[in-house]
Amino acid sequence: GGGGYSRGGGGGGRSGGSSSSINGGTYTDFLSLLRQLDGKQYGAYHDIETSTNPDGSGGWVHNDFTLRIGRAQSDSFASPTRCEIRVPPKVGQFPSHLYSTKVRAVALSDYLHRALYAHAKEMGVDASLVEGGGSGKGNWNGPKGGDIQLLEPCQHVLEQSAVSVLSEDGTIVAHLTINLPARGRTILGQAAEQILGQALPTLVQRALKCASLSPDRMSKHVDSVQDQVWLQQQLKSRGLVAFVPNGAILPRASGVDDRPMADAVPFQSPPGKLSTSFTLPTTGVTLEGMGIPEGITLICGGGFHGKSTLLEALQVGIYPKFPQDGREFCVVRPDTFKIRAEDGRSITSVDISTFIQNLPFGKDTTSFSTLDASGSTSQASNIVESLEMGSDVLLLDEDTCATNFMIRDNLMRQLVHSDKEPITPFLYKIRSLYQEHGVSTILVMGGAGEYFSVADTVLLMDSYVCNDA
């Protein structure tokens with residue numbers, strides 16, 4: 001029947017005389033096959049799938065790249081077809097110093113990912129035939145698909161599979177999806193030929209070949225990431241848990257938009273003991289800013305004055321940023337954990353007895369388990385689990401913490417005697433965590449002055465200006 005998974009001519013697929021096989025062929029073979037599929041049932045798209053040979057070869061071979069196609073979607077409304085593009089070193093021609101280490105290879109991969117995504121947007125290949133104004137908009141019988149999609153880059157530089165550069169030889173591997181075009185369940189072979197035969201090669205030419213990109217911006221991107229990683233590695237030897245450079249743009253555009261806020265107040269370190277500097281080894285630039293020392297640090301200030309904004313910047317300081325983010329070189333130690341209450345989370349065999357004991361009915365807290373944790377038990381578990389993972393820096397914001405876990409004031413202690421209260425507030429454990437276990441804490445606190453008695457450093461945020469209080 002029409003539209004089934006066919007490897008021969010029966011489903012409208014490859015002809016017996018084609019030089020291609022299930023492992024692919026030349027790109028000319030591929031485009032010819034797409035023309036043959038025009039007007040066939042959608043299932044015949046399975047004939048363009050490729051597999052990998054034992055030696056790693058296989059796919060549709062273009063002069064500039066090899067296209068490998070996974071299982072084709074079953075119809076135009078199914079999940080799009082996953083594809084892999086491999087650009088060999090002799091085509092990409094990226095200088096080896098840009099991917100000579102793991103960090104630099106990840107940084108170059110990130111740059112190419114951003115370039116590929118930007119060019120896809122610029123060329124409009126991310127718009128489907130329907131979105132492009134096809135006559136069948138909203139109609140089963142109208143044209144559908146035809147769009148090329150890839151993962152949208154974020155503000156951080158992360159190892160990912162959307163675009164990666166193999167540090168061994170500089171091969172570029174990109175993963176994307178293509179909505180194979182159709183009208184109803186009928187293949188639009190000519191549209192597929194245009195997308196895969198013209199748009200895709202142009203996209204590769206513009207974004208994945210060194211000659212098409214700015215060598216200066218590319219080098220600055222890679223060098224910036226390498227220096228950010230180096231800076232993070234220096235914190236411990238300097239007795240610091242975090243560093244925020246002068247001029248950093250910490251506020252974000254909105255709660256759902258991680259780009260920098262326009263007209264934001266640039267960060268400036270308070271003068272004195274918190275001010276420090278680093279000379280970056282790759283670029284030679286000297287960075288000045290605020291170093292947060294080991295120990296207990298409070299971030300205080302009025303509401304909406306930038307306390308949580310500073311903490312949120314530190315929270316993502318474990319990741320390098322791309323150079324236009326505004327928070328690049330705002331770094332924390334790599335084993336930093338953000339702690340919060342998580343009502344309703346599941347807990348299995350966690351010893352929270354340091355914080356919680358003597359529960360009603362004799363429930364054991366040395367191996368505590370529940371399918372529906374409270375705010376206090378979830379926060380205690382999060383701290384214990386982070387310490388078991390090797391964390392030496394904890395970040396907390398009172399807005400997302402369980403109040404009864406953080407503090408219990410005098411009036412409440414008078415009402416509820418200590419032998420009736422199973423929770424030992426974090427206030428009474430925060431100091432011993434540092435002195436006995438070397439675990440530092442950075443805590444946003446705007447409503448409980450009792451924490452001043454255990455603090456080593458107090459930062460006061462005033463209209464996004466940081467002061468050493």
#### Entry: Yes/no for residue 85 being at pLDDT 95 or above, farther than 21 Å from residue 208 by Cα and of a type in the set (Val, Ile, Thr)
no
### Message
With the requirement that a residue be open to solvent by 20 Å² or more (accessible area, probe 1.4 Å), within 31 Å of the chain's Cα centre (by Cα) and at pLDDT 95 or above, what does the stretch 430-449 give you?
### Response
434, 437, 438
### Task
State the number of residues belonging to the stretch 268-282 that are in a loop (DSSP other than H, G, I, E, B) and open to solvent by less than 70 Å² (accessible area, probe 1.4 Å).
6
### Query
Taking residue 325 and the conditions (1) part of a loop (DSSP other than H, G, I, E, B); (2) in contact (Cβ under 8 Å) with a residue 40 or more places away in the chain; (3) more than 15 Å from the chain's Cα centre (by Cα), which numbered condition does it fall short on, given that it satisfies the others?
(3)
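What's the total number of residues in the stretch 153-192 that are open to solvent by 20 Å² or more (accessible area, probe 1.4 Å) and touching a helix residue (DSSP H, G or I) at 6+ places or on another chain (Cβ under 6 Å)?
Residues in the stretch 153-192 being open to solvent by 20 Å² or more (accessible area, probe 1.4 Å) and touching a helix residue (DSSP H, G or I) at 6+ places or on another chain (Cβ under 6 Å): 6 in total.
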### Task
Scan the stretch 416-427 and give yes if some residue there is among the polar types (S, T, N, Q), more than 24 Å from residue 309 (Cβ to Cβ) and touching a residue at least 60 places away in the same chain (Cβ under 8 Å), otherwise no.
yes
#### Entry: Residues satisfying the stated conditions in the stretch 290-312, i.e. assigned to a helix (DSSP H, G or I) and surrounded by fewer than 24 Cβ atoms within 10 Å (Cβ to Cβ)
308, 309, 311, 312
#### Entry: From 185, 238, 217, residue being within 30 Å of residue 290 (Cβ to Cβ), of a type in the set (D, E, K, R) and touching a strand residue (DSSP E or B) at 6+ places or on another chain (Cβ under 8 Å)
238
### Task
Among the candidates 65, 77, single out the residue that is of a type outside the set (Ser, Thr, Tyr), within 25 Å of residue 192 (Cβ to Cβ) and at pLDDT below 95.
77
### Task
State yes or no: is residue 349 among the polar types (S, T, N, Q), buried (at least 22 other Cβ atoms within 10 Å of the Cβ) and more than 20 Å from residue 236 (Cβ to Cβ)?
no
### Query
From the set of residues in the stretch 253-267 that are exposed (fewer than 12 other Cβ atoms within 10 Å of the Cβ) and not in a loop (DSSP other than H, G, I, E, B), which is nearest to the chain's Cα centre (by Cα)?
257
#### Entry: Exclusive hit being crowded, with 18+ Cβ neighbours inside 10 Å, in contact with a helix residue (DSSP H, G or I) (Cβ under 9 Å, 6 or more places away or on another chain) and either without any contact (Cβ under 8 Å) to a residue 12 or more places away in the chain or part of a loop (DSSP other than H, G, I, E, B) (or both), set 242, 248
248
### Breaking point among (1) within 22 Å of the chain's Cα centre (by Cα); (2) at pLDDT below 95, for residue 105
(2)
### Query
Going by the conditions given, is residue 81 more than 30 Å from residue 225 (Cα to Cα), open to solvent by less than 50 Å² (accessible area, probe 1.4 Å), of a type in the set (Val, Ile, Thr) and in contact with a Lys or Arg (Cβ under 6 Å, 6 or more places away or on another chain)?
no
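Can you list the helices (runs of 4 or more DSSP H) lying wholly within the stretch 399-469 that have 2 or more residues being closer than 19 Å to residue 336 by Cα?
430-437
The values are calculated or read from the model by the stated rules, or taken from the named source; none is laboratory data. Note that this is a predicted model, so its numbers are computed, not measured. Positions of Cβ are backbone-derived with ideal geometry, glycine not excepted, and every protein chain shown enters the neighbour counts. Ligands, DNA and RNA are stripped out before the accessible areas are found, and what is left, the full protein with its side chains, is counted by its heavy atoms. Shrake-Rupley method; radii C 1.70, N 1.55, O 1.52, S 1.80 Å.
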